[in-house]
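First up is the structure itself, then whatever we jot down about it.
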Amino acid sequence: MTTKINFNGVISENLSISFYDHGFLFGDSVYEVVATHKNRPCFLYPHLQRLHNSADGISLNIPWSTDRFAEELQRTLQEAGNPESYIRIIVTRGEGAVDIDPSSCTQPNVIIYVSAEKKYPAELYMSGVNLAVVSVKRNARDALNPGIKTGNYLNNILAVVEANRMGAHDAVMLNANGDLAESTTSNLFFAHNGTLFTPALGCGILAGITRSMVMQLAQENGISVEEGSLPVEALISADEVFITGTIKRVMPVTRIDNKIVGEGRPGPLSQKMMRLYGDVLESEIPYDPAFKLQF
Ligand code: PDD
């Protein structure tokens, strides 16, 4: 199992980043996490689309084309030679003055990190995870839009620290209105009487690629999905809850604030979505460049 890091097109095993890189100094960067299936990147095009959207959101010019990303990623995956990989693509503002003003940074740095695959323990998919509703609110859209996946994750770090202190695996974050937003690195879904509910993008969340795929799969399989501004009480009284993300895939939630959700085990809709999403990863769909993400 090896780790390889591609830094502006040069691949090595280690990387030291300059102290003067604004990604290091201020979290002034954007990133994506991509999983593989049969060591091919899943949903690469939507991830690159979201990377560009994030870069636009912070007025950062990404120096590589989509084709260049695909080629460099392929080369890095090959050099790492793992059966499956964890991929992190980062574009930083680059080196500049020790001052938040980015105008001194002339050359963004592009990094592709490839390591052995990261997987959650199989038991968690059977037992479900425990979430805590935390007091730390998700950033407001007109402050630091959660739709921009920046390297500044302090908002989510504060939330996960609070959740851990409460003995939970992860946090449920609310927005400034007190409505449901998302978890710290995943999107939220819950089921009531056979309908799936998920916070709308307007609630201030990341437009998750797994979320989009799960919504599409649910609709194709006759399960209705409603997006909206949703109160925390609806989550706590739900029949089933699950969270979605690139590494977690579809992860059932069986306790919130130490109260049991539904019957206390992954319910039929959660299991169905886990299976349908797993089937998609096995199929050719993850590589279809036509899959378009809504922001
Ligand atoms: N996180 N919300 C937040 C805040 C996230 O950071 C992520 C992803 C998601 C789910 O998005 P997707 O389904 O596209 O992975 C939702 C990645 C996995 C991470 O930062 O590790």
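The values are calculated or read from the model by the stated rules, or taken from the named source; none is laboratory data. Being a predicted model, the structure only gives us computed values, none of them experimental. For neighbour counting, all protein chains shown are included, and Cβ atoms are generated from backbone atoms with ideal geometry for every residue, glycine included. Side chains are part of the model used for accessible areas, which takes the heavy atoms of the whole protein and leaves out ligands, DNA and RNA. Shrake-Rupley method; radii C 1.70, N 1.55, O 1.52, S 1.80 Å.
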Next on the checklist: Of all residues being of a type in the set (V, I, T) and within 16 Å of the ligand (Cβ to nearest atom) in the range 220-249, which is farthest from the chain's Cα centre (by Cα)? Just the residue, please.
Outcome noted: V225
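If I ask for residues that are of a type in the set (S, T, N, Q), within 15 Å of the ligand (Cβ to nearest atom) and under 17 Å from S270 (Cα atoms), which ones from the range 184-214 would you list?
S186, N187, T198, T210, S212
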Next on the checklist: Here is a check on your reading of the model: is R265 basic (K, R), at negative phi and more than 16 Å from the ligand (Cβ to nearest atom)?
Outcome noted: yes
Checklist entry - within 15 Å of the ligand (Cβ to nearest atom) and over 15 Å from the mean Cα position of the chain (by Cα): does that describe L217? => result yes
Item to check | Positions within the range 102-123 being among the polar types (S, T, N, Q) and crowded, with 20+ Cβ neighbours inside 10 Å, in sequence order | outcome: N109
Next on the checklist: Against the conditions (1) loosely packed, with under 14 Cβ neighbours inside 10 Å; (2) at pLDDT below 95, where does D99 fall short? Just the number, please.
Outcome noted: (2)
Next on the checklist: With the requirement that a residue be aromatic (F, W, Y) and surrounded by 21 or more Cβ atoms within 10 Å (Cβ to Cβ), what does the range 37-96 give you?
Outcome noted: F43, F69
Checklist outcome for this item: Okay, strands (runs of 3 or more DSSP E) sitting entirely in the range 1-42 with 1 or more residues that are of a type outside the set (G, A, S) and closer than 13 Å to E79 by Cβ, I get 4-7, 10-12
Item to check | Close pairs from the range 201-219: first within 13 Å of G147 (Cβ to Cβ) and modelled with pLDDT of 95 or more, partner within 6 Å of the ligand (Cβ to nearest atom) and of a type in the set (G, A, S), Cβ under 8 Å, at least 6 apart | outcome: G208/S186; G208/G245
Checklist entry - Can you name the condition, by its number, that V133 falls short on among (1) aliphatic (A, V, I, L, M); (2) within 13 Å of the ligand (Cβ to nearest atom); (3) buried (at least 17 other Cβ atoms within 10 Å of the Cβ)? => result (2)
Next on the checklist: Against the definition (within 14 Å of the ligand (Cβ to nearest atom) and either under 24 Å from T150 (Cα atoms) or of a type in the set (G, A, S) (or both)), how does L281 come out, yes or no?
Outcome noted: no
Checklist entry - Quick one: in the range 138-165, which of the residues that are within 12 Å of the ligand (Cβ to nearest atom) and β-branched (V, I, T) is most open to solvent (accessible area, probe 1.4 Å)? => result I157
Next on the checklist: For the range 168-182, which positions are more than 10 Å from the ligand (Cβ to nearest atom) and either under 17 Å from M251 (Cβ atoms) or assigned to a loop (DSSP other than H, G, I, E, B) (or both)?
Outcome noted: A168, H169, D170, A171, V172, N175, A176, N177, G178, L180
